[in-house]
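Participant: Once you've had a glance at the structure underneath, I'll fire off some questions.
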Amino acid sequence: MLDRLTLLGLALAGLVGGFGCAVDECERGTARCLGNVAERCEVVSGGNELSSHARLFRSDCGEAHCVVARVGGSSTALCALAAAPDPVCPAEFRDEPEASRCLLGSAVTWSYGFRTRESSCRAPSTCADARRAGFGPGCPRDAFCTSVDGPEPLCGPGVATFCDGATTIVHCQCGFRRDAHVCASPGPRCVLIDVAKGAARQGACREMP
């Protein structure tokens with residue numbers, strides 16, 4: 001017969017096993033470039049303290065540059081458009097993981113001072129900067145290209161998409177048009193649908209009935 005201490009040990013082992021202790025995949029805080037692949041060791045949570053563990057994330061930078069950015073007393077590896085920090089990155093963005101602004105007609109995104117993305121807003125599109133005055137506090141603080149010069153009346157509160165005619169869906173951001181395209185897959189119809197009680201109706205692409 002098992003004694004009480006043995007039974008207690010078995011019970012504790014079963015309890016810990018039930019939490020699903022996870023094994024670290026890498027040394028926490030590691031950030032490096034392996035060739036042109038950015039590797040970051042980050043802590044992910046599994047729902048409780050015992051199941052939190054370090055996971056290795058890899059990003060192949062392709063034609064971009066793998067760089068290691070210093071963030072306070074730690075580091076992170078990321079893919080950037082240039083191998084050195086961008087000298088025109090606004091000072092207030094240098095410690096942010098992602099921030100963007102309109103620059104010479106383009107929507108430019110930086111991560112810890114490195115330029116990571118650039119979208120040229122070619123005419124008739126213009127660049128809208130949501131960090132400037134006039135945008136609500138719930139608006140994502142970024143810059144983006146918009147196809148109209150000024151707010152879109154149909155991009156009202158709570159509207160993420162609407163139909164421009166019978167076949168074109170428009171995507172909204174911060175009261176502006178961010179993107180518009182003809183419904184193709186699914187398609188070719190654009191229809192308004194109810195998504196939740198009391199919520200604004202949204203545009204959606206649908207196949208022909």
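The values are calculated or read from the model by the stated rules, or taken from the named source; none is laboratory data. Not measured: the values here are computed from a predicted model. Neighbour counts are summed over all protein chains in view; Cβ atoms, including those assigned to glycine, are modelled from backbone coordinates with ideal geometry.
Participant: Taking segment 140-163, which residues are assigned to a strand (DSSP E or B) and either within 20 Å of LEU104 (Cβ to Cβ) or out of contact with any Asp or Glu (no Cβ under 9 Å at 6 or more places or on another chain) (or both)?
Facilitator: Passing the criteria: ALA143, PHE144, CYS145, THR146, THR161, CYS163.
Participant: Name the pairs: first residue in segment 29-43 and closer than 10 Å to HIS65 by Cα, second residue outside any strand (DSSP E or B) and of a type outside the set (Val, Ile, Thr), Cβ to Cβ under 7 Å, at least 6 apart or on different chains?
Facilitator: ASN36/CYS61; VAL37/CYS61; ALA38/CYS61
Participant: For segment 52-68, enumerate the residues that are surrounded by 11 or more Cβ atoms within 10 Å (Cβ to Cβ) and either part of a loop (DSSP other than H, G, I, E, B) or in contact with a Pro (Cβ under 8 Å, 6 or more places away or on another chain) (or both).
Facilitator: SER52, CYS61, ALA64
Participant: Restricting the search to segment 149-169, which residues are closer than 20 Å to GLY198 by Cα and at pLDDT 95 or above?
Facilitator: Across segment 149-169, the qualifying residues are THR161, PHE162, CYS163.
Participant: Given the criterion aliphatic (A, V, I, L, M), touching a residue at least 40 places away in the same chain (Cβ under 8 Å) and farther than 29 Å from VAL37 by Cα, identify the matching residue among ALA128, ALA123.
Facilitator: ALA128
Participant: Those residues that are over 17 Å from ASP86 (Cβ atoms) and modelled with pLDDT of 85 or more, I need them from segment 128-148; list them, please.
Facilitator: ALA128, PHE144, CYS145, THR146
Participant: Quickly run through segment 164-199 and pick out the residues that are over 22 Å from the mean Cα position of the chain (by Cα), assigned to a loop (DSSP other than H, G, I, E, B) and surrounded by 15 or more Cβ atoms within 10 Å (Cβ to Cβ).
Facilitator: Hits for segment 164-199 are ASP164, THR167, CYS183, GLY187.
Participant: Could I ask something else about it? Within segment 80-123, restricting attention to residues that are surrounded by 19 or more Cβ atoms within 10 Å (Cβ to Cβ) and of a type in the set (A, V, I, L, M), which residue is nearest to the chain's Cα centre (by Cα)?
Facilitator: Once the filter is applied, the top-ranked residue is ALA99.
Participant: Does ALA77 satisfy being of a type outside the set (Ser, Thr, Tyr), crowded, with 20+ Cβ neighbours inside 10 Å and at pLDDT below 85?
Facilitator: No: the conditions fail for ALA77.
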